[in-house]
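Data block below; observations after.
Each reported figure results from applying straightforward, stated rules to the coordinates on display, with no laboratory input. All figures in this text were calculated on a predicted structure; none of them were measured in a lab. With ideal geometry, Cβ positions are generated from the backbone for all residues, glycine too; neighbour counts draw on all protein chains shown.
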Amino acid sequence: MIKNIIFDFGGVIYNIDHSLSKKAFEDLGVNNFEQLYGHQVQTGLFEQLERGEINEQDFRKAIAKFLDKGSTAEQIDRAWCALLVGFDSKIIDLLLEIRKNYRIYLLSNTNIIHARQFIAEINKYSDFLSLFDDVWLSHEKQMRKPEKDFYLGLINEHEMELEETLFIDDLDINIVAAKKVGIQTYYLSNGQSVINLFKDGQLILP
């Protein structure tokens, strides 16, 4: 019986489109963005930012080397945040309903620049942090999926039983890692909405 639900953020609760940041950075002069960044596997600069190993100022300085001269910090942030499409306000209502029946958590690979924007956006509707029993963001924990310690850190801190815990993510690599840890999983495939996994606040997995 599932008692705990761990949600991924981007692609599950919040809509993202990486091609929008790709285009935005190309407009600023980057001609190899796909080599610099990929959703499935991030390397170097972007992974360091997600781990909180570098601050946002150092990130901007490093990325500016690939941009047209004169690109501003504001332009860099806008390009980097272009992938943040938005969310359906029904998701907020869903989470508020789900938490009546389950303990719910957020486990997300993200960074300080993105987090600042999406938290401010969601806070216009409901206090973001209060939607969950706990929120684990990679840049705050210096860990990221698919590292097993990121999953186990959250699991152990809240003394969750693995067989009673469901993890929902839209990336296969993260689902595979969660299964290896022993967590129950659900892979949210492209085009599928997390809203359809619940009815009246209860899980109705297909």
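Applying 0.36 nm per residue to the separation of Leu203 and Lys61 and subtracting their alpha-carbon distance, the gain on full extension is 46.6 nm. Between Gln48, Leu20, Ile168, the Cα set farthest toward the positive side of the dipole of the chain (charges on each charged residue's Cβ, about the Cα centre) is that of Leu20. Helix-only arithmetic for the chain: the sum of -39500 (n - 2.57) across DSSP H runs with n ≥ 4, divided by the residue total, places the mean residue ellipticity at 222 nm at -11500 deg cm²/dmol. Going from the residue with the fewest nearby Cβ atoms within 10 Å to the one with the most, Tyr187, Tyr151, Tyr14 rank Tyr187, Tyr14, Tyr151. Counting only alpha carbon atoms, the long axis of helix 112-123 and the longest principal axis of the chain meet at about 50°. If you look at the Cα atoms of the chain, you get an Rg and a Dmax of 17.4, 57 Å. Modelled spin labels at Glu159 and Thr72, positioned 7 Å past Cα toward Cβ, are 5.3 nm from each other.
When the trypsin sites (Lys or Arg not before Pro) in segment 13-108 are filtered for DSSP coil states and for at most 13 other beta-carbon atoms within 10 Å of their beta-carbon, the remaining sites are Lys65, Lys69, Lys100.
Principal-axis analysis of the Cα atoms of the chain puts helix 18-27 at an angle of about 10° to the longest axis.
Cross-link reach is defined here as a Cα-Cα straight distance under 14 Å, omitting same-chain residues fewer than 8 places apart; for Lys141 the aspartates and glutamates meeting it are Glu47, Glu50, Glu53, Asp149, Glu157.
Relative to the dominant Cα principal axis of the chain, helix 148-157 is inclined by about 50°.
Electrostatic tally near Arg144: other residues with Cβ closer than 9 Å to its Cβ, Lys and Arg +1, Asp and Glu -1, net 0.
Note that segment 95-109 has calculated 3J(HN,Hα) couplings of 4, 5, 6, 4, 5, 6, 10, 9, 8, 10, 9, 10, 10, 9, 7 Hz, one per residue in order, obtained from phi through the Karplus relation 6.51 cos²θ - 1.76 cosθ + 1.60 (θ = phi - 60°); glycine and proline are x. Residues whose amide H lies under 5 Å from that of Gly29, counting only those 5 or more places away or on a different chain, are Asp68; hydrogens are built 1.01 Å from N in the peptide plane.
Ignoring aspartates and glutamates fewer than eight residues from Lys69 along the same chain, the ones with Cα atoms less than 15 angstrom from its Cα are Glu26, Asp27. Net charge around Asn55, counting only other residues with Cβ within less than 15 Å of its Cβ (Lys, Arg = +1; Asp, Glu = -1)? Cβ neighbours under 15 Å give a net charge of -3.
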